[in-house]
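Below is one structure, written out as structure tokens; comments come after it.
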Amino acid sequence: MTVAVVGAGIMGTATGYALARDGHDVVLYEQFEFGHTRGSSHGRSRIVRLAYPEVEFVELAKESFAGWRELEREADVPLLQLSGLLELVANEGQSSADALAAVGAEYDLLAPEEARARWPVGVPDGWTALFQPEAGIVSADLAHRAFLDCALARGMQLCERTPVASLDDVAAEAVVVTAGPWVRKFFPDLPVRTTRETVAYFRRDGDPLPSVVELDPATRGHAMYSLHDPVHGLKAGAHHAGAEADADGEGEPDPVLLEAIVEWLARTYPDAGPEPVAAETCMYTTTADEHFILERRGRVVIGSPCSGHGFKFAPAIGARLAQMALDSL
């Protein structure tokens, strides 16, 4: 069958790959150039991890790890760098320990002094650090390109600089919409909000450290995060802190958020340069509970899954969206 995928970010490209791998005719539409920096999929690295407080996300992450390894083998490109993850929580009960234990995943709960003895990472006094070894980063730009190259090799067609004004005009048996922050142009009723988030890069030499996710003591949601950057050494951001924004508008890093990132980084990484060497933005498209929208409406499948934490799940989400497209007929 013929499937059109609208939006060539990481989820659309992963969907196109899954369809092409299974022998279907696929056309991938991108309104800009592939790999552009206006959406949510650009950049050199993203956190990968098993640690989530919800079992369903831990299981989805395990499935995605297998998908990343499959893509590495097919593309013959190393994509995962696993130096572990430190999840910082105000108390042990807020951690992902229960969900990890439920699926038999390895982890350690460390007191602040134990964590600080192992890594040059500041853990607040009185907090707990959960260390999970099956974590680190995926090389985001390389992974995005690997999905594309493998899909093209299997016959997928890429149409860059080809905006889709109406899904009715798309000639295909099924259509998958992975339009990120532009998804409400097609589906104004979707319960999502789009924000422009700020990330910063800092100079840090030496081996990669574990990625860090600091949970908000009040909400148990992510507050601050950091991960290895292959160029500068360290990337950090404030999660879900940006203002609502239109993806078609111009946007620069938020100076208030940048100041908060700098302050957190100074407390968390004593061996990193104190001033950012670069900063940029990316768009989040988020549901109220930060879960993903995978929905079928006739021949159209909606994939608006990111909520600021979707990249790591691209292999699994792409496979699901592909199957939903096939099931739409």
Apart from one, (1) of a type outside the set (D, E, K, R); (2) farther than 13 Å from residue 212 by Cβ; (3) over 21 Å from the mean Cα position of the chain (by Cα); (4) modelled with pLDDT of 95 or more all hold for residue 138; the odd one out is (3)
Hits in the range 29-80 - residues which are assigned to a loop (DSSP other than H, G, I, E, B), open to solvent by less than 20 Å² (accessible area, probe 1.4 Å) and in contact with a Pro (Cβ under 8 Å, 6 or more places away or on another chain):
39
When the range 97-122 is examined, which residues are found to be among the small types (Gly, Ala, Ser) and surrounded by fewer than 14 Cβ atoms within 10 Å (Cβ to Cβ)?
101, 102, 104, 117
Cβ pairs under 6 Å, 6+ apart, first in the range 69-88 and within 27 Å of residue 109 (Cα to Cα), second open to solvent by less than 40 Å² (accessible area, probe 1.4 Å) and acidic (Asp, Glu):
88/214
Answer residue from the range 1-45, given it is more than 15 Å from the chain's Cα centre (by Cα) and among the small types (Gly, Ala, Ser) and is nearest to residue 286 (Cα to Cα) among those:
7
Subset tally (residues that are over 14 Å from residue 163 (Cα atoms), of a type in the set (Gly, Ala, Ser) and open to solvent by less than 10 Å² (accessible area, probe 1.4 Å)) for the range 1-28:
5
Tally the residues that are out of contact with any Lys or Arg (no Cβ under 6 Å at 6 or more places or on another chain), open to solvent by 10 Å² or more (accessible area, probe 1.4 Å) and over 17 Å from residue 48 (Cα atoms), restricting the search to the range 81-96.
4
For residue 250, state whether it is open to solvent by 50 Å² or more (accessible area, probe 1.4 Å), touching a residue at least 40 places away in the same chain (Cβ under 8 Å) and farther than 17 Å from residue 212 by Cα.
no
Members of the range 281-309 that are under 17 Å from residue 6 (Cβ atoms), outside any strand (DSSP E or B) and open to solvent by less than 40 Å² (accessible area, probe 1.4 Å)
305, 306
Given the criteria closer than 23 Å to residue 139 by Cβ, out of contact with any strand residue (DSSP E or B) (no Cβ under 9 Å at 6 or more places or on another chain) and open to solvent by less than 40 Å² (accessible area, probe 1.4 Å), does residue 278 qualify?
no
When residues of the range 123-170 are filtered for being open to solvent by 20 Å² or more (accessible area, probe 1.4 Å) and assigned to a loop (DSSP other than H, G, I, E, B), how many remain?
15
Residue among 237, 206 that alone is at pLDDT 90 or above and in a loop (DSSP other than H, G, I, E, B)
206
Hey, can you tell me all the residues within the range 81-107 that are at pLDDT 95 or above and either in a helix (DSSP H, G or I) or closer than 19 Å to residue 316 by Cβ (or both)?
82, 85, 96, 97, 98, 99, 100, 101, 102, 103, 104, 105
Of the residues 259, 263, 275, only one is outside any helix (DSSP H, G or I), of a type outside the set (Gly, Ala, Ser) and over 16 Å from the mean Cα position of the chain (by Cα); which?
275
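The values are calculated or read from the model by the stated rules, or taken from the named source; none is laboratory data. Every value quoted in this text rests on a predicted model; they were computed, and no experiment measured them. Glycine gets a Cβ as well: all are built from the backbone with ideal geometry, and neighbour counts include every protein chain shown. Accessible surface is based on the protein model in full, side chains and every heavy atom, while ligands, DNA and RNA are left aside. Shrake-Rupley method; radii C 1.70, N 1.55, O 1.52, S 1.80 Å.
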